[in-house]
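What follows is a single structure, written as structure tokens, with notes after it.
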Amino acid sequence: MTLTAFTASRQDALISAADAAGMPISTGRRFAFLPLSSHVGTSTVAALTARALAAGRSGRTLVVATSTPHSSPLLAAGRQSPPARQDSGLPGEVSSALAFGQGVWVGSVADLPGAGQDLVGAATSADWFQRVAPISRHFDVVCTDWNPQPSLAATVAAARTSQAVCLVAAYGRADAEPVVALARALHSEPDGPRVTVAFVDVARTRSTWPQLVATRLPFPVVRFAHDESLVLGQAPRSATQVSAIATAGTLMRLSAAGRDAE
């Protein structure tokens, strides 16, 4: 990643975010990537953030999707054989249900071992606690790539599975305002998950609204500009990677320091 295009202050912010993304942890971290509508880039944000988290630590990072079937951007270049330090000590029934790509373990809730009937459709928060929570102890970081939920109550329940939640919204004001309202509600809960919002310019609107509203919000905001490289199935631009590192650092800070991080 080339930093020469950034000002000194932006370079310092990036270095700080990268340091936070790789900060040592004594207990596992659980992060939710949660949209209110489809096709806003949630899977891409989750995958890129997970890769940024994995790059700074030796422990395992997992991205688990609630959709069935699931195709992660992390596997676009094909499945890889995990190095010995990643595979060692991981139960066979868990590793066999997952794939490994770009330094990250990838899977879906439906494929994980769990009691009860096979899942039909997208997983719920109850499915998450039954199938993901029991294996989370084997990973430093678990990132859950959520589908849009059928109700506000289900959305809040999904957010509560994690210590910090990244709400994902498109750039357009009409699409983003409900997400901001939910983020404010979660932020106001003393015992709720810590929250950040990722605005993603999936439609290439170049709207300035996310930048303007970010200064008025009581929680951190990250912006992902439109990246044609991702549309073409190529590696993300450096600016997109910077946004992913910023998201990774933000989530780690929120989970580690609570309100003081905001």
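For the subset of segment 62-97 comprising residues that are surrounded by fewer than 20 Cβ atoms within 10 Å (Cβ to Cβ) and touching a Phe, Trp or Tyr at 6+ places or on another chain (Cβ under 6 Å), which member is modelled with the highest pLDDT?
Among those that are surrounded by fewer than 20 Cβ atoms within 10 Å (Cβ to Cβ) and touching a Phe, Trp or Tyr at 6+ places or on another chain (Cβ under 6 Å), it is P82.
Taking segment 188-201 as the search range and keeping residues that are without any contact (Cβ under 8 Å) to a residue 40 or more places away in the chain and surrounded by 14 or more Cβ atoms within 10 Å (Cβ to Cβ), which one is nearest to the chain's Cα centre (by Cα)?
Here the residue is V197.
What are the pairs with Cβ atoms under 7 angstrom where one residue, in segment 54-68, is within 18 Å of A17 (Cα to Cα) and the other, located anywhere, is in a strand (DSSP E or B) and of a type in the set (S, T, N, Q)? Sequence gap at least six, or different chains.
A54/T61
Looking at the structure I just gave you, is R131 in contact with a Pro (Cβ under 9 Å, 6 or more places away or on another chain) and either closer than 14 Å to F33 by Cα or of a type in the set (D, E) (or both)?
When the stated conditions are applied, R131 does not pass them.
Kindly establish whether T215 is more than 20 Å from the chain's Cα centre (by Cα) and among the β-branched types (V, I, T).
Criteria met by T215.
Considering only segment 229-242, how many residues are modelled with pLDDT of 90 or more and out of contact with any helix residue (DSSP H, G or I) (no Cβ under 8 Å at 6 or more places or on another chain)?
Count: 2.
The values are calculated or read from the model by the stated rules, or taken from the named source; none is laboratory data. As the structure is a prediction and not an experimental result, all values here were calculated from the model. We place every Cβ from the backbone using ideal geometry, glycine too, and count neighbours over all the protein chains shown.
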